[in-house]
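Working notes, structure below.
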Amino acid sequence: MRRKRVNPFEESQLWVKTDPPGFEIDVFENKGRGVRSTIPRQRGDFLLVYSGQIISKKEGERRERKKSSGYRYFYRDLCIDATKDDGRLCRLINHGTKKEINCKMKLCGDCLCLFATRDIQQGEELLYDYGLKSYPWNSNLTLVKRIFRWKTLLALTHHSSIALPVEKLLLKMIL
Ligand SMILES: C[S@@+](CC[C@H](N)C(=O)[O-])C[C@H]1O[C@@H](n2cnc3c(N)ncnc32)[C@H](O)[C@@H]1O
């Protein structure tokens, strides 16, 4: 049964200091912790507030250069630094590709809030686009690991004679 629709903007303002019910933390392969919705959501629903220390983009970039934490969200001239674990959920939401995402960050009054971009099923992981050009988990190093795994697979399937040239070619392409 659908819940009675509350104005998403007004709802977001009620959850600046604590998180609403209806979410749970889970652990996902290769991603670490993430957040699931424990109830169905409608497109446009307010989900969570991204809480953290509000600093300038410049200061955020300075902190990232010093040590990247993975919990700094950049928005226009601002950065929300959620490196410090305050027990809030939004900092735990993982990045999704364009095809995977089901929510989006928007400025709501003084805070950044996450809204559903499509209907979300009960138990679905929340994913939004971090908006960066590249991600450490997609880096060349990860690619190299994949190539070596592929080579092992080829060797195991009796194609070891082509495994080495293929590996060389791929390494040439990425290095
Ligand atoms: C904002 S945190 C998300 C919560 C994090 N998974 C955790 O366990 O605390 C961002 C970090 O999660 C991981 N992450 C997020 N999205 C990912 C993805 N699509 N694939 C792999 N790792 C991801 C990366 O380590 C990234 O630095």
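Here, each number is a calculation from the coordinates, and none is a lab measurement. Everything quoted here is computed from the prediction, not taken from an experiment. We place every Cβ from the backbone using ideal geometry, glycine too, and count neighbours over all the protein chains shown.
Data for the structure
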{"quantity": "Modelled label reach - Val27, point 7 Å along Cα→Cβ, the stretch 99-125 residues with backbone N closer than 19 Å", "calculated": "125"}
{"quantity": "Gain upon complete extension [Lys106, Leu14; 0.36 nm per residue less C-alpha separation]", "calculated": "31.5 nm"}
{"quantity": "Span per principal axis, largest first, for the Cα atoms of the stretch 1-111 (Å)", "calculated": "49, 35, 27"}
{"quantity": "Placed amide H near Phe28: partners under 5 Å, 5+ positions off or other chain", "calculated": "Arg33, Gly34"}
